[in-house]
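Visitor: One structure, as structure tokens, below. Some questions next.
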Amino acid sequence: MAQALAPVSFNDSSDITDFVLNKGNGVKGLSEMGLESLPKIYIQPLEERMCGTKNMSHESIPIIDMSKWDDPKVAEAICEAAEKWGFFQIINHGVPIEVLENVKEATHQFFRLPAEEKRKYLKEFSPSNNVRFGSSFSPKAEKALEWKDYLSLFYVSEDEASALWPAVCKDQVLEYMKRSEIVIRKLLDVLLKNLNVTEIDETKESLLMGSKRTNLNYYPICPNPELTVGIGRHSDVSTLTLLLQDDIGGLYVRGNNDSWIHVPPVSGSIVINVGDALQIMSNGRYKSIEHRVIANGSNNRISVPIFINPRPSDKISPFPEVLASGEKAVYKEVLYSDYVRHFFRKAHDGKKTIDLAKI
Ligand SMILES: CC(C)(COP(=O)(O)OP(=O)(O)OC[C@H]1O[C@@H](n2cnc3c(N)ncnc32)[C@H](O)[C@@H]1OP(=O)(O)O)[C@@H](O)C(=O)NCCC(=O)NCCSC(=O)/C=C/c1ccc(O)cc1
Ligand SMILES: O=C(O)CCC(=O)C(=O)O
Ligand SMILES: [Fe+2]
């Protein structure tokens, strides 16, 4: 149920950003006030709005059944999807449906907390740098804000999570992360074999899956969805991302000839996408594809990505096995924390982050 909010009136944009970003109300708070029109600071330039896009594709990204995952055909389908589309959905992946349902419910529970509770996790107040509640993506750097609130949870240890993550969602998120480990390993095993990397030793394990971050994303009902975005065009900086979405829809990925392909909700599925770190380590063989989320005028939407990443202290570059046949490296070595910081400090800008690593 929507919370009864005391009437708030805004004189200008700074009142709105104060309410949304500093007071912990988020865009969810704005949405629940029943605004009749979208505040100016959320109006995106025409070229960033979905309605300005003529190029909608009727293609779809592959849906891969993982129940026979040791069948070479499944491995082939995974590698082909990662090369051609950078995005696919998996079904019968082994993560219990109940675990997925529980984490979606926990996401709603977190965002249902009063603003004073969520505010405790804003960057300035959070008990840890690893737990962060926020709105939009990089408000200080953005010309127009995005219609999304989030809780971002960087996993350090079970003990740290137990002590510092919000009580309403920590068990469900930890369970989701734990139960998805097997499928992450299967995917990485298959993708790496295809790059002639036959063994994932300790160094490679750190590079591929040394750190994890889970975000709980909340996209509340928007008064003028056609004028703004949920998340602007970006590619993830992860190795792989596992994305759980609810049944609302609204995620679009880049297809051929600059078109946009909708990723339809498929019950029980998990969306998988390649991130920049894997594009770099595979020397461009696997593609980290640009994607975005529209705002919605009639439904609240949630999604829960787990970003599987190198460790911040890792240096990433194309794997020697990929270059062994004489292929020229197209990316240089970069310190992963420098790469991520570069991503977070600018507004979403499509695939531009990876320029940092281009030779
Ligand atoms: C460099 C990090 C991110 C933070 O380092 P720090 O030393 O603790 O520094 P800060 O906490 O001061 O953060 C640096 C800047 O990044 C921003 N930031 C710090 N985490 C965050 C945060 N989760 N959210 C959005 N700003 C942040 C933060 O606001 C800050 O900006 P500023 O205050 O303007 O200097 C460090 O944790 C690190 O190296 N992590 C590696 C693992 C990692 O997090 N990988 C990212 C996977 S996430 C991914 O692929 C996609 C994420 C994504 C997310 C949202 C989208 O809309 C779209 C995509
Ligand atoms: O909400 C979604 O479907 C996508 C979210 C996303 O792209 C992200 O958090 O990086
Ligand atoms: Fe993303």
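Visitor: Go through 130-140, 81-91 and give me the packing order, highest mean Cβ count within 10 Å leading.
Guide: On the way: 130-140: 18.9, 81-91: 21.6.
Most protected by this proxy first, the peptides run 81-91, 130-140.
Visitor: Hey, for a label at K178 modelled as a point 7 Å past Cα toward Cβ, could you say which residues of the range 196-231 have their backbone N under 18 Å away?
Guide: 212-214
Visitor: Find the relative contact order for the range 13-357 and round it to a whole percent, using C-alpha pairs within less than 8 Å whose residues are 6+ positions apart.
Guide: Numbers: 695 pairs, mean separation 76.6, N = 345.
Computed value for the range 13-357: 22 percent relative contact order.
Visitor: Also, quick follow-up: A 19 angstrom limit on the alpha carbon distance is what I want to check against. Which of K140/K170; K118/K346; K104/K148 exceed it?
Guide: Details: K140/K170 29 Å; K118/K346 24 Å; K104/K148 16 Å.
Beyond 19 Å between Cα atoms: K140/K170; K118/K346.
Visitor: Can you give the FRET efficiency for E98 and S325, using 1/(1 + (r/R0)^6), R0 = 51 Å, r = Cβ-Cβ distance, to the nearest 0.05? Walk me through the numbers before you get to the answer.
Guide: On the way: r = 46 Å, r/R0 = 0.89.
The value I calculate is 0.65.
Visitor: Using a cut-off of 15 Å between alpha-carbon atoms, which aspartates and glutamates can reach K315, once sequence neighbours fewer than 8 places away in the same chain are excluded?
Guide: Filter leaves E202, E205, D276, E333, D338.
Visitor: Dipole size in debye (nearest 20) for the range 13-357 around its Cα centre, Lys and Arg Cβ +1, Asp and Glu Cβ -1? Write out the running numbers ahead of the final one.
Guide: Details: 42 positive and 47 negative charges, 158 e Å.
For this selection, approximately 760 debye.
Visitor: Per the Kirkwood formula on distinct C-alpha pairs, the Rh of the chain is how many angstrom? Numbers along the way, then the final one.
Guide: Working: mean 1/r = 0.0478 Å⁻¹.
Evaluated on the chain, it is 20.9 Å.
Visitor: Given V266, I306, I97, which one lies farthest toward the positive end of the charge dipole of the chain, if we put +1 on the Cβ of every Lys and Arg and -1 on the Cβ of every Asp and Glu?
Guide: Checked the options; the winner is I306.
Visitor: Related question: When Lys and Arg each count +1 and Asp and Glu each count -1, what net charge do the other residues less than 14 Å away from G268, Cβ to Cβ, add up to? It would help to have the intermediate numbers written out before the result.
Guide: Details: positive: K104, R179; negative: D65, E98, E101, D246, D247.
After counting each charged neighbour, the total is -3.
Visitor: Can you give me the C-alpha center-to-center distance between the range 282-359 and the range 175-191, rounded to a whole angstrom?
Guide: 19
Visitor: Something else about it: So, R0 is 25 Å and r is the distance between the beta-carbons of N129 and N299; what FRET efficiency does that work out to, to 0.05? Mind showing how you got there, number by number?
Guide: Working: r = 33 Å, r/R0 = 1.31.
Rounded to the nearest 0.05, the efficiency is 0.15.
Visitor: If you don't mind, another one. For the pair T198 and K120, what calculated FRET efficiency results from E = 1/(1 + (r/R0)^6), where r is the Cβ-Cβ distance and R0 = 45 Å, to the nearest 0.05?
Guide: On the way: r = 47 Å, r/R0 = 1.05.
It comes to 0.45.
Visitor: Considering only the other residues whose Cβ falls under 11 Å of the Cβ of E199, what net charge follows from Lys and Arg at +1 and Asp and Glu at -1? Don't jump to the answer; show the numbers that get you there.
Guide: Working: positive: K193, K204; negative: D189, D201, E202, E205, E321.
Every neighbour counted, the sum reads -3.
Visitor: Sorted by mean Cβ packing within 10 Å, highest first, what order do the peptides 195-206, 272-283, 176-187, 345-356 take? List each step's numbers first, then the result.
Guide: Numbers: 195-206: 12.9, 272-283: 25.8, 176-187: 18.3, 345-356: 16.0.
Order by mean packing, descending: 272-283, 176-187, 345-356, 195-206.
Visitor: Let me ask you something else. Using 0.36 nm times the number of residues separating K315 and A163, minus their current alpha carbon distance, what extension gain do you get?
Guide: On the way: separation 152, 0.36 × 152 = 54.72 nm, distance 3.02 nm.
Fully extending the segment from K315 to A163 adds 51.7 nm.
Just so you know, all these numbers are worked out from the coordinates, no wet-lab data involved. What you see is a predicted model; the values in this text were computed from it and never measured. Here the Cβ is made from the backbone with ideal geometry for all residues, glycine too, and neighbour counts use every protein chain on show.
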